[in-house]
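What follows is a single structure, written as structure tokens, with notes after it.
The values are calculated or read from the model by the stated rules, or taken from the named source; none is laboratory data. Not measured: the values here are computed from a predicted model. For neighbour counting, all protein chains shown are included, and Cβ atoms are generated from backbone atoms with ideal geometry for every residue, glycine included. Side chains included, ligands, DNA and RNA excluded: accessible areas come from the protein's heavy atoms. Shrake-Rupley method; radii C 1.70, N 1.55, O 1.52, S 1.80 Å.
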Amino acid sequence: MSSPEIRTRIRTLLDDWLSAGRFTPTVDCWLRSVDRDFSRALGEAGLLGMTWPVEHGGEGRPNTDRLALTEEMLRVGAPVTAHWIAERQIGPAVLRAGTPELKAAILPDIVAGRAIIGLGMSEPESGSDLASVRTRAVPTEGGWILNGHKIWTTQAHNATAMYILARTSQEEKKHQGLSEFVIDMDSPGIEVSPIVDLAGEHHFNEVRYTDVFIPRERLIGTEGEGWKQVVEQLSFERGGPERALSTWVLVPEVLAAPGLRTDEGALRDLGQVVAELSALRHMYRRIAAALDAGEAPIRLAAASKFIGNGFEKGLIDIARRLVPTPPEALAGLIEQALWASPAFGIRGGAEDVLLGIVAKLELPRDLARANPQPRLADPEAQELVELAGKVAGGTLLEVDRSDAGLDRLRSTVEDLGWTRVSVPESAGGSGGSLADAGAIVRGLARLGVTADLPEHLVAAHTGAGLGQREATALASLLDAAVLVGAGEAALALTIDHVIERAQFGAPLAAIPAVKSWIARMRMQLDLAIEAYDRALEIAGEALVAAEADDQASDAAGGQHRTANDPAGTSAAGTSGESAPGTGISDAQVAAALSAKAIAAQAGGLVAAQTHQLHGAIGITAEYPLHHLTQLIWATRDSGTSEHAALVGLGRMALTGGEAVIWDQLTDSAPES
């Protein structure tokens with residue numbers, strides 16, 4: 001069974017349950033909606049623990065399949081709280097590091113939907129510093145004796161078991177000497193006290209442990225190695241779509257509401273939803289693939305949570321703007337979302353903690369180990385990026401930016417055949433893929449030049465038969481490559497600067513605010529890269545393959561563009577199929593427009609903030625930063641501008657509704 005088949009299966013179940021009134025869609029459903037019967041029904045349907053080995057009750061499916069299931073449940077606000085933490089986080093931790101006895105005791109109840117497991121990580125006075133654990137587990141015959149105090153423990157009052165992070169030895173460094181356990185909640189010595197949130201709801205708790213016996217087989221992994229295991233485990237907690245979709249149930253209500261605004265500002269708002277969600281969903285898919293490969297995608301998990309929290313909070317404001325006088329059902333959901341929203345940026349790692357995680361990766365304690373130069377995962381694409389840089393001059397300072405020098409660069413690029421890369425050889429091109437062309441464009445942009453290559457590539461494809469609608473999408477995709485490349489280079493230059501430049505006796509890199517901004521820029525560029533990669537994946541081959549079809553279509557007069565709608569979105573269909581007379585679908589156009597918009601926004605942030613971090617040197621003509629920021633500013637508003645891209649996406653969303661946004665415009669793996 002494929003991921004699309006899993007989507008179809010869970011949708012059928014959810015539609016049936018909704019029709020039967022088995023649940024009511026809820027904001028923040030994965031935290032606030034306990035329904036034991038619902039979780040058991042999922043277990044009976046074989047939909048829990050699907051990624052686990054067959055011998056432990058699973059089906060051995062990839063995490064990308066589980067992602068499809070998870071997205072669909074969050075999309076409709078299903079009551080998933082009862083099994084959520086157990087299936088998402090604790091089960092995988094036990095599978096990786098638990099003893100055979102622990103696996104046998106815990107996993108069957110999770111896959112059956114019977115286990116409700118709370119998270120005993122946070123402690124009073126500790127804030128988000130998970131390593132400052134004072135709860136102690138002292139060795140005793142057959143196990144440990146636990147004493148301590150945990151807080152913000154989700155669903156402890158309903159839990160059948162509890163995950164515990166405790167100190168098992170006192171070491172010099174606070175991250176050492178920690179161990180993980182799973183304990184039964186009916187063990188003597190456990191006291192649960194409710195914490196009622198500002199919405200008047202009870203899902204958090206304080207839990208005190210007094211002389212609680214933990215059997216030896218309830219240890220997860222190796223004693224004293226708990227922190228390393230926790231860091232890996234948090235990739236499961238932070239890197240899921242629940243960090244962006246807690247308020248998604250607002251969207252169908254907004255689009256169906258009387259009084260929905262349809263002006264250009266409203267379209268831009270809707271377009272922002274499409275663009276940002278498309279990049280986020282691709283990021284979640286990449287995280288799922290990394291987990292399947294046995295990796296712990298720490299930076300992407302942190303970035304997805306940080307950006308996702310902003311997205312789900314932003315949906316509330318968009319709903320309020322788009323429907324100023326909401327009907328009762330929508331007003332109730334907006335109220336739910338507002339009451340829940342202050343917690344979005346705290347739970348699972350506060351925003352400052354997430355910024356700190358990414359900052360440490362970019363600016364490690366030993367600054368000599370920093371490696372700001374970005375590398376592509378694909379070795380062949382990385383080679384093309386590096387080759388383009390060498391052809392352009394090698395470094396920002398070595399590029400000959402005189403008129404004659406830029407003319408020579410254009411001639412060299414043409415002589416190398418790069419102006420026809422990705423155009424089929426049968427059509428007079430140099431062959432290769434759009435990914436190859438994009439890598440070359442990206443490499444040139446890292447040196448603050450383009451050699452007019454994007455324009456030449458669009459012209460070459462148009463000459464080979466590419467239609468206007470497709471050419472606009474191609475230009476947007478290549479603009480995104482420019483913005484990403486220039487943004488990457490500006491950030492790398494800035495990281496080098498804050499490491500080398502000292503102020504008040506220490507490198508600028510030691511200043512917390514500097515670290516925070518470096519992390520913010522890195523995460524926004526990560527999102528832009530996801531949007532760009534998604535566009536290549538979804539639209540790349542279609543743009544090339546469309547040329548022969550479009551040549552015939554254009555000859556027959558099949559045009560669907562207007563001066564006010566350069567992407568052809570107003571005349572295009574909304575079913576995700578190609579519009580009449582074109583070779584590219586709305587989903588593929590949307591992917592390219594999303595890439596341009598998100599890359600433009602990331603580039604704008606980088607262009608603004610890198611100058612601030614450079615200080616006075618950054619605004620001088622002799623310093624090379626401005627070559628990158630000028631390129632970002634020029635590209636951001638060229639062709640289909642950021643604003644036009646967002647308005648075009650919004651028009652698609654408004655015409656097609658929530659189903660088209662979800663199934664076509666933002667899906668990272670649409671059915672072919």
Problem set entry | Of residues in segment 1-34 being among the charged types (D, E, K, R) and buried (at least 18 other Cβ atoms within 10 Å of the Cβ), the one farthest from the chain's Cα centre (by Cα) | ARG32
For this session: Would you tally the residues in segment 419-443 being open to solvent by less than 20 Å² (accessible area, probe 1.4 Å) and out of contact with any strand residue (DSSP E or B) (no Cβ under 9 Å at 6 or more places or on another chain)?
Result: 6
For this session: Within segment 487-500, identify whether any single residue is buried (at least 20 other Cβ atoms within 10 Å of the Cβ), touching a Leu at 6+ places or on another chain (Cβ under 9 Å) and within 22 Å of VAL274 (Cβ to Cβ), and answer yes or no.
Result: yes
For this session: May I ask you to list the residues in segment 48-100 that are among the basic types (Lys, Arg) and closer than 12 Å to GLU242 by Cα?
Result: ARG75, ARG88
Exercise. Would you say VAL273 is in a helix (DSSP H, G or I) and in contact (Cβ under 8 Å) with a residue 12 or more places away in the chain?
Worked result: yes
For this session: Working only within segment 453-474, note down all residues that are surrounded by fewer than 24 Cβ atoms within 10 Å (Cβ to Cβ) and either in a helix (DSSP H, G or I) or touching a Leu at 6+ places or on another chain (Cβ under 9 Å) (or both).
Result: GLU455, HIS456, VAL458, ALA459, ALA460, THR462, GLY463, GLN468, ALA471
For this session: Being of a type in the set (A, V, I, L, M) and either open to solvent by 20 Å² or more (accessible area, probe 1.4 Å) or modelled with pLDDT of 95 or more (or both) is the filter here, so list the residues in segment 284-304 that pass it.
Result: ALA289, LEU291, ALA293, ALA296, ILE298, LEU300
Exercise. Restricting the search to segment 165-201, which residues are outside any loop (DSSP other than H, G, I, E, B), surrounded by 14 or more Cβ atoms within 10 Å (Cβ to Cβ), of a type in the set (D, E, K, R) and touching a Phe, Trp or Tyr at 6+ places or on another chain (Cβ under 9 Å)?
Worked result: GLU180
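Okay, residues lined up against (1) within 14 Å of MET162 (Cα to Cα); (2) within 23 Å of the chain's Cα centre (by Cα):
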| site | (1), (2) |
| --- | --- |
| VAL192 | yes, no |
| LEU198 | no, no |
| VAL207 | yes, no |
| GLU217 | no, no |
| ILE220 | yes, no |
| GLU232 | no, yes |
| ARG243 | no, yes |
| VAL249 | no, yes |
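Quick grid of which residues meet (1) touching a strand residue (DSSP E or B) at 6+ places or on another chain (Cβ under 9 Å); (2) at pLDDT below 95; (3) more than 30 Å from ALA535 (Cβ to Cβ):
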position: LEU466; (1), (2), (3): no, yes, no
position: ARG469; (1), (2), (3): no, yes, no
position: SER476; (1), (2), (3): no, no, no
position: ASP479; (1), (2), (3): no, no, no
position: VAL482; (1), (2), (3): no, no, no
position: GLU488; (1), (2), (3): no, no, no
position: ILE495; (1), (2), (3): no, no, no
position: ILE499; (1), (2), (3): yes, no, yes
position: PHE504; (1), (2), (3): no, yes, yes
Seminar exercise, completed: Among THR635, THR655, the single one that is touching a helix residue (DSSP H, G or I) at 6+ places or on another chain (Cβ under 8 Å) and of a type outside the set (A, V, I, L, M, F, W, C) is THR635
For this session: Answer yes or no: is there a residue in segment 144-153 that is surrounded by 15 or more Cβ atoms within 10 Å (Cβ to Cβ), under 19 Å from LEU107 (Cα atoms), touching a strand residue (DSSP E or B) at 6+ places or on another chain (Cβ under 7 Å) and hydrophobic (A, V, I, L, M, F, W, C).
Result: no
For this session: Could you tell me which residue of segment 224-238 is modelled with the highest pLDDT, considering only residues that are out of contact with any strand residue (DSSP E or B) (no Cβ under 6 Å at 6 or more places or on another chain) and open to solvent by less than 10 Å² (accessible area, probe 1.4 Å)?
Result: VAL230
For this session: For segment 66-76, state whether one or more residues are in contact with a Ser or Thr (Cβ under 6 Å, 6 or more places away or on another chain) and either more than 22 Å from ALA159 (Cα to Cα) or crowded, with 24+ Cβ neighbours inside 10 Å (or both).
Result: yes
For this session: Please indicate, with yes or no, whether at least one residue in segment 584-605 is at pLDDT below 95 and assigned to a loop (DSSP other than H, G, I, E, B).
Result: yes
Problem set entry | Counted residues, segment 129-187 - those being hydrophobic (A, V, I, L, M, F, W, C) and closer than 17 Å to PHE213 by Cβ | 13
